[in-house]
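A.B. asks: Below is a structure I'd like to ask you about.
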Amino acid sequence: MSILSLTFHCIESTVPQWEQYARTELKQLAHNLYDVEKYILSDVESEMLNEGRNTNLLLIFETVELRATFLENEFENIRERVEKRFGDEVMIFKTLLNEFKETDGPTGIG
């Protein structure tokens, strides 16, 4: 299993437009991703965020190779779509999450 976390930070003045986009177009786009085994689209709730809004798209892949292929191809498409629509009013942060190896001890999952 290999996980990619995409966090979209939207400035305060763009929140209504971003929420509409995330709940419709971004959700549909995530649903149609071929190599993604599962996904979770969610609002991020944080005490550290005082302005704007964060949305997270958690993508689960069967292998690290599928995630790497996604990053080379589909991630760029998503980034370009968001940039074209929102410019610099929405920033995207990608985080690669890697499961501990068996020798590292229990992960707490499974």
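A.B. asks: Only Cα pairs under 8 Å and at least 6 apart count here; give the relative contact order of region 1-65 as a rounded whole percent.
C.D. replies: Working: 90 pairs, mean separation 35.0, N = 65.
Computed value for region 1-65: 54 percent relative contact order.
A.B. asks: Just to be sure I understand: with springs between alpha-carbon atoms less than 10 Å apart, which residue in Val90, Val36, Val44 has the highest mean-square fluctuation in the Gaussian network model of the chain?
C.D. replies: Highest fluctuation of the listed residues: Val44.
A.B. asks: So what is the relative contact order of the chain, in percent, for Cα pairs below 8 Å that sit 6 or more residues apart?
C.D. replies: It comes to 43 percent, rounded to a whole number.
A.B. asks: With a sphere of radius 9 Å drawn around the Cβ of Met1, what net charge do the other residues whose Cβ falls strictly inside it have (Lys, Arg +1; Asp, Glu -1)?
C.D. replies: Residues close to Met1 contribute a combined charge of -3.
A.B. asks: List the trypsin sites (Lys or Arg not before Pro) within the chain that DSSP assigns to loop and that have no more than 16 neighbouring Cβ atoms inside 10 Å.
C.D. replies: The qualifying sites are Lys101.
A.B. asks: Give me a comma-separated list of calculated 3J(HN,Hα) values for region 16-23, in order, Karplus coefficients 6.51, -1.76, 1.60 applied at θ = phi - 60°, integers in Hz, x for any Gly or Pro.
C.D. replies: My calculation for region 16-23 gives x, 5, 5, 4, 4, 5, 5, 6 Hz in order.
A.B. asks: Let me ask something additional. Output the 0 to 90 degree angle, nearest 10, between the alpha-carbon long axis of helix 74-86 and the longest principal axis computed from the alpha carbons of the chain.
C.D. replies: 20 degrees
A.B. asks: Now for a separate question. Return the single residue from Leu26, Leu57, Leu96 with maximal mean-square fluctuation; model: Gaussian network over the chain, springs between Cα atoms under 10 Å.
C.D. replies: Ranking Leu26, Leu57, Leu96 by mean-square fluctuation puts Leu96 first.
A.B. asks: For the chain, set up a Gaussian network in which alpha carbons nearer than 10 Å are linked by springs, and say which option among Asn50, Asn77, Asn32 fluctuates the most.
C.D. replies: Greatest mean-square fluctuation among the candidates belongs to Asn50.
None of the figures in this text is laboratory data; all of them are computed from the coordinates on show. Being a predicted model, the structure only gives us computed values, none of them experimental. Cβ sites come from the backbone with ideal geometry, for glycine too, and all protein chains shown count toward neighbours.
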